[in-house]
1. Using the number of other C-beta atoms within 10 angstrom as an exposure proxy, rank Leu125, Leu522 with the fewest first.
2. Whole-Hz Karplus ³J(HN,Hα) for the stretch 405-420, in order, using 6.51 cos²θ - 1.76 cosθ + 1.60 and θ = phi - 60°, x for Gly and Pro?
3. Assign unit charges at the C-beta atoms only (+1 for Lys and Arg, -1 for Asp and Glu), then state the dipole size of the stretch 518-573 relative to its Cα centre in Debye, rounded to the nearest 20.
4. Put +1 on the Cβ of every Lys and Arg and -1 on every Asp and Glu Cβ in the chain; which of Ala509, Pro379, Ile233 then has its Cα farthest towards the positive end of the dipole?
5. Can you list residues whose amide H is under 5 Å from Phe316's amide H, if they're 5+ apart or on another chain and H is modeled 1.01 Å from N?
6. Give, in nm to one decimal, the length gained when the segment between Leu198 and Ala256 is fully stretched (0.36 nm per residue of separation minus the Cα-Cα distance).
7. Can you spot the lysines whose alpha carbon is less than 22 Å from Lys356's alpha carbon? Ignore those fewer than 8 places along the same chain.
8. Using a basic spin-label model with each label point 7 Å from the Cα along Cα→Cβ, how many nm lie between Lys470 and Ala268?
Amino acid sequence: MITTRFCQLSWSVMLCFSLVQGASAAPSPVSYGVETDTFHPVKEQHGMVASVDALATQVGVDILKQGGNAVDAAVAVGFALAVTHPQAGNLGGGGFMMLRTASGRTTAIDFREMAPARASRDMFLDANGNADSKRSLTSHLATGTPGSVAGFALAAQKYGTLPLSRLLAPAIKLARDGFVVNEALADDLNTYGKEVLLAHPNSKAIFFKADGAPYQKGEKLVQKNLAHSLSLIAKQGPDAFYKGAIADQIASEMAANGGLIGKADLAAYRAVERKPVSGSYRGYEVFSMPPPSSGGIHIVQILNILENFDLAKMGFGSADAIQVVAEAEKYAYADRSEYLGDPDFVKVPVQALTSKAYAKSLAQQIDLAKVRPSSEIKPGKLAPYESNQTTHFSVVDSKGNAVAVTYTLNTNFGSGIVAGNSGILMNNEMDDFSAKPGTPNVYGLVGGEANAVQPAKRPLSSMSPTIVAKDGKTWLVTGSPGGSRIITTVLQMVVNSIDFGMNVAEATAAPRFHHQWLPDQLRVEKGFSPDTLRLLETKGQHVKVQPAMGSTQSIMIGPDGMLYGASDPRTVDDLTAGY
Ligand code: GLY
């Protein structure tokens with residue numbers, strides 16, 4: 001079954017419905033496909049995949065049908081997206097996988113990029129000591145040692161059931177035989193692609209035709225070099241990438257162009273398993289990504305603050321509910337700027353930041369009637385201690401194993417640099433370090449010493465693959481791209497589902513808002529009532545209507561045991577499907 005492209009046509013109907021719901025104190029039960037639902041999820045029984053690309057989703061569903069488990073399917077989807085969604089799908093980037101097995105065991109696989117050994121604290125400062133974003137975004141210095149191949153190989157070997165070569169086969173076919181370019185890729189090649197890919201002959205040769213134009217919707221894109229690299233990994237395993245012919249290509253590309261990644265960096269790279277950040281929210285259990293992502297900590301922190309307010313009673317989209325959430329977000333992002341970094345290098349105060357007591361002390365500072373300006377909010381005193389340029393996919397199999405993966409090249413097409421003849425686009429994740437404390441990165445995020453560049457360190461991320469459980473069973477699998485907006489987008493998926501009783505399609509389609517402390521601005525999507533926005537301005541919020549945020553790909557398991565999924569209507573060409 002294929003997801004329907006619901007737009008926000010009947011939003012006003014939904015808003016009225018939700019406000020009536022909000023009059024009761026207890027959250028409404030989630031409804032599944034009953035006639036009062038405004039948006040309808042895809043419904044399947046055995047297994048489901050939600051991803052940003054229809055071809056990749058189909059690859060995952062095929063693996064599930066062939067008897068692969070959710071990890072097998074997720075790994076195959078990850079490799080397929082590296083071919084069909086080069087904006088963010090990748091071999092040359094990194095990311096995170098959250099896994100919850102049918103037996104209730106949770107784990108997190110960290111395959112975030114690492115700074116090369118020759119990286120140094122001030123490498124992105126110009127002669128005047130100012131942060132130079134060209135260096136951290138589009139030069140060969142922008143690339144961290146990639147982690148995706150190691151991450152997928154680790155996941156498949158430890159939690160999958162099929163050989164890696166079988167999981168790579170669909171991606172090899174898509175790269176070797178080509179695939180038909182969809183609207184999303186054509187649009188992105190025509191905009192971001194022209195900005196970052198054209199400058200590099202290897203990249204231009206892949207994504208632009210002989211006449212100099214990028215591939216258009218409906219045309220076939222063949223990537224022979226990428227097919228060869230994928231085949232090498234299928235034959236030799238991840239060593240082909242980290243020690244073999246692909247490592248040679250990457251190291252030569254860097255050496256010839258002032259980049260820092262050498263063969264020793266690649267050989268030393270390891271994906272690592274970490275304990276997820278966990279919390280509780282109104283009786284549900286929340287599992288999300290630990291550092292070097294900031295996502296899990298701040299989702300749990302904000303939920304802990306929100307537990308002190310009756311959001312259901314306030315109602316979805318009400319000025320009071322938005323005020324509470326936005327103010328809570330400001331405290332979380334202020335703490336992020338101070339305390340978060342790679343846990344292998346800095347002591348991140350996970351317990352303190354996610355404690356209910358700390359959240360209560362922050363909740364007491366939130367005034368429903370009046371905004372606290374960001375300039376008055378500082379990172380808290382604790383007890384001792386992300387354009388939608390990323391991509392997320394969710395998978396659930398017939399046994400109830402659930403996988404959420406968010407991975408990225410950072411900005412669209414990463415650095416725009418393809419390493420030699422490998423066909424592999426390289427990330428520009430080094431921009432996620434704080435180049436200079438206090439200076440915003442590409443997402444406007446301000447960082448501190450905890451996230452300064454250091455050799456072999458992983459840059460701080462906002463990617464938040466998240467799994468919510470209810471009564472000991474997986475209930476919601478979700479995540480999103482969106483840079484700094486990832487945390488608040490995933491947060492709203494959880495709050496919309498739990499507090500406002502929305503089904504997964506409704507929770508996805510509902511208009512979103514975002515506050516990240518600095519800049520002191522409440523960013524909102526179209527779709528909120530002008531009256532609500534005026535009320536928020538009266539409270540002191542600086543409201544700005546801006547383009548859509550995030551592209552969630554989510555699966556909810558209903559009380560009937562059925563799988564309900566939704567791809568984000570903000571994105572074209574994404575697909576939720578199952579069997
Ligand atoms: N590159 C965006 C993030 O990791 O948050």
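Every number in this text was worked out from the coordinates using simple rules, so none of it is lab data. Treat the numbers as computed from the prediction; the structure is a model and nothing was measured. Every residue, glycine as well, gets a Cβ built from its backbone with ideal geometry; the counts of neighbours run over all protein chains shown.
1. Leu125, Leu522
2. For the stretch 405-420, the Karplus curve yields 10, 10, 9, 6, 9, 5, 7, 3, 6, x, 6, x, 9, 9, 6, x Hz.
3. 240
4. Most positive-ward Cα: Ile233.
5. Gly22
6. Answer, rounded to one decimal: 19.0 nm.
7. Output for Lys356: Lys275, Lys313, Lys330, Lys347, Lys378, Lys381, Lys470.
8. Once both label points are built, they end up 4.7 nm from each other.
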